[in-house]
1. Can you pull out every residue in segment 76-104 that is surrounded by 13 or more Cβ atoms within 10 Å (Cβ to Cβ) and acidic (Asp, Glu)?
2. Give segment 195-209 a look and list any residue that's open to solvent by less than 60 Å² (accessible area, probe 1.4 Å), out of contact with any helix residue (DSSP H, G or I) (no Cβ under 6 Å at 6 or more places or on another chain) and within 21 Å of Val156 (Cβ to Cβ), or say none.
3. Pull out all pairs, ordered by first then second residue, where Cβ-Cβ is under 6 Å, the residues are six or more apart or on different chains, the first lies in segment 147-165 and is hydrophobic (A, V, I, L, M, F, W, C), and the second is open to solvent by 50 Å² or more (accessible area, probe 1.4 Å).
4. In segment 249-289, which residues are loosely packed, with under 10 Cβ neighbours inside 10 Å and not in a loop (DSSP other than H, G, I, E, B)?
5. Before we move on, is Asn124 free of Cβ contacts under 8 Å to residues at least 40 places away in the same chain, under 23 Å from the mean Cα position of the chain (by Cα) and open to solvent by 80 Å² or more (accessible area, probe 1.4 Å)?
6. Would you please name the residue that is surrounded by the most Cβ atoms within 10 Å (Cβ to Cβ), looking only at residues in segment 170-189 that are free of Cβ contacts under 8 Å to residues at least 24 places away in the same chain and under 24 Å from Glu132 (Cα atoms)?
7. With the condition being closer than 22 Å to Lys20 by Cα and modelled with pLDDT under 90, I'd like the helices (runs of 4 or more DSSP H) fully within segment 33-139 carrying at least 2 qualifying residues.
8. In segment 223-243, how many residues are surrounded by 13 or more Cβ atoms within 10 Å (Cβ to Cβ) and closer than 24 Å to Thr261 by Cβ?
Amino acid sequence: EYDRALYLVQEKGYSVYAAKKQAAQEIITAFEFATAVTYSEDFAIFQNEGVSATTSAGNATLLAISALVMGNRSDAEIQNTIDKFIADIKTDGEWNDLQTKAGMADWAYDFNYSTIRASVKSWNILDIPDYETYLDIYWNNVYGLGGCSVNRKDVVAPNINKLSKNYNKYFICNGSHWDDATTYQKDTYKWSAGKTGEFKKGNVTDTIYVYNGTKWEVSERETAIGLCQNSNAGVVSKYDGTYYVCKNNAWGTATILEYDTYGLTGVEGDVKAGVVNKDKYYGTFPSIA
């Protein structure tokens, strides 16, 4: 905050009060938070009892930022991160190091939040502010997910930050926070009921689903060998030990002749061993009109 405020006073003619207020708010905004700041030096990361909601939010924000900067870094790395941030934000009030920002979000997503609370408890400090909420806010926003509330319950969305190691990972809002979305949740998001027996490919994966009259469920066979359509009529495929032939847009159990001669070619008079049963022989004969 100091270097940014000093720049605003010396180069832009701000008063000290206005410069401090703007610098602090720009830092909070850079970390994706909406916390109101007057004097950041009034915040205390180990204080939560007997303070206003505004002060508690400020305390929690400060602790969250501290955690993000520390991450898994060594002391030297922490100082380097701070120095780079100071230089980055000094003249324009913006944090342009998007790679570091994304890395911090990945760390927050993976971090076990209870670690800090357990450590502080061992120091005989009664309580600390709800910093966990702000770590959530940070990685949610950096990932492009936005907030999760009852109004967005069951919304499924991907991490759209290409600099994140978790890019394109899908999440589902449970009404209060984002959870990892299952394959089923991301594949069938916003699907309405279908017709019994109807097949549909997933939104995200190549999994095939079938409507069973009540809900969509994974169709293991179609996922493995594909849908039977006009484009693959006559094709023979094997699934779970059984051979199927594609006829009339539906897979049916193939006869021995169908799967044993599938793919065989030849001219009149040729005799060839079966594709599956090598001890059976098949010949080509002229058609009789």
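1. Matches in segment 76-104: Glu77, Asp88, Asp97.
2. Tyr209
3. Filtered contacts from segment 147-165: Cys148/His177; Val156/Gln185; Val156/Tyr189; Leu163/Leu98; Leu163/Gln99.
4. Val271 - this is the single residue of segment 249-289 that is loosely packed, with under 10 Cβ neighbours inside 10 Å and not in a loop (DSSP other than H, G, I, E, B).
5. no
6. First, the residues of segment 170-189 that are free of Cβ contacts under 8 Å to residues at least 24 places away in the same chain: 172, 179-180, 182, 187.
Still in the list and also under 24 Å from Glu132 (Cα atoms): 172, 179-180, 182.
Numbers: Ile172: 19, Asp179: 12, Asp180: 12, Thr182: 12.
Going through the qualifying residues, I end up with Ile172.
7. Because the criterion is at least 2 residues that are closer than 22 Å to Lys20 by Cα and modelled with pLDDT under 90, the helices (runs of 4 or more DSSP H) in segment 33-139 that meet it are 53-70.
8. 11
The values are calculated or read from the model by the stated rules, or taken from the named source; none is laboratory data. What you are looking at is a predicted structure, and each value in this text was computed from that prediction instead of being measured. A quick note on method: Cβ atoms are made from the backbone with ideal geometry, for glycine too, and the neighbour counts reach across all protein chains shown. Note: areas computed on protein heavy atoms with side chains; ligands, DNA, RNA excluded. Shrake-Rupley method; radii C 1.70, N 1.55, O 1.52, S 1.80 Å.
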